[in-house]
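The values are calculated or read from the model by the stated rules, or taken from the named source; none is laboratory data. Remember, it's a predicted structure, so these values are computed and weren't measured experimentally. Neighbour counts run over all protein chains shown; Cβ positions are idealised from the backbone, glycine included.
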Amino acid sequence: MATESLVLAGKHVRLEPLDHRHVDGLAGASAEDPSLYKWSPVPQGVVEATRYVDTALAWRDAGTAVPFTIVLLKGGSNDGATNGAVIGSTRFWNLERWSWPQGHPRHGRDAPDACEIGYTWLARSAIRTAANTEAKLLMLAHAFETWQVLRVCFHTDVRNQRSRAALERIGGKCEGILRAHRMAADFIARDSVCYSIVAAEWPEVKEKLGRLLDQRG
């Protein structure tokens, strides 16, 4: 499955393959308001941003992630940022390929059967804008309509009320809390809330995201 050149473009944002040429833009986007990233692993400064890109590309090369830079096209920022500005990052990861038996319609697929969307963060100016909504719409549409996954999941720090509310707003279903699940941004063993959207729910979620996008567009 070739993903190195995957670009997802909408009206407000373009999700383009994360690359070292984005390092300065990522550092600038995260510097708008570092206090936003209390619960998220977001790079601060060029050195951290370089390491962040290095790790993401290593995961991509291992076939476990598809990382993107979120680039503004128009109307996706609250501060009048210029077109082409880097406003954040996101990725598909935990790509699962299930062992379907021979003869099953899904046997031999190259695309994943399930995935996670995570490592999503935005500059302060892009929070609660069309940029965030459209980025989710583009990724979920690709997952469900192109890859034809059966499930997309999201994990967020149990303390991250803003992220939890955003996932619930788009129709993510809370599956429960995983205790001591991952290392948190503040270097403790965090509890994670797990949300998911399954294929049967995608049409309703897509409609909801479309309405939200119209409201913010």
Can you name the number of the only condition in (1) modelled with pLDDT under 95; (2) out of contact with any strand residue (DSSP E or B) (no Cβ under 9 Å at 6 or more places or on another chain) that residue 131 fails?
(2)
Can you report the number of residues in the stretch 1-48 which are among the hydrophobic types (A, V, I, L, M, F, W, C), touching a strand residue (DSSP E or B) at 6+ places or on another chain (Cβ under 7 Å), touching a residue at least 12 places away in the same chain (Cβ under 8 Å) and closer than 27 Å to residue 112 by Cα?
6
Please go through the stretch 163-176 and give me each residue that is touching a helix residue (DSSP H, G or I) at 6+ places or on another chain (Cβ under 9 Å), surrounded by fewer than 15 Cβ atoms within 10 Å (Cβ to Cβ) and outside any strand (DSSP E or B), ordered by number.
169
For the stretch 22-130, list the strands (runs of 3 or more DSSP E) that sit wholly inside it and hold at least 2 residues that are surrounded by fewer than 22 Cβ atoms within 10 Å (Cβ to Cβ); which are they?
86-96, 114-122
Would you mind stating whether residue 205 is aliphatic (A, V, I, L, M), surrounded by 13 or more Cβ atoms within 10 Å (Cβ to Cβ) and in a strand (DSSP E or B)?
no
One residue from 179, 190 being closer than 24 Å to residue 55 by Cα and not in a helix (DSSP H, G or I):
190
The stretch 88-118: number of residues that are over 19 Å from the mean Cα position of the chain (by Cα) and under 20 Å from residue 70 (Cα atoms):
0
Which of the residues belonging to the stretch 151-161 are in contact (Cβ under 8 Å) with a residue 12 or more places away in the chain and either assigned to a strand (DSSP E or B) or surrounded by fewer than 14 Cβ atoms within 10 Å (Cβ to Cβ) (or both)?
151, 152, 153, 154, 155, 156, 157
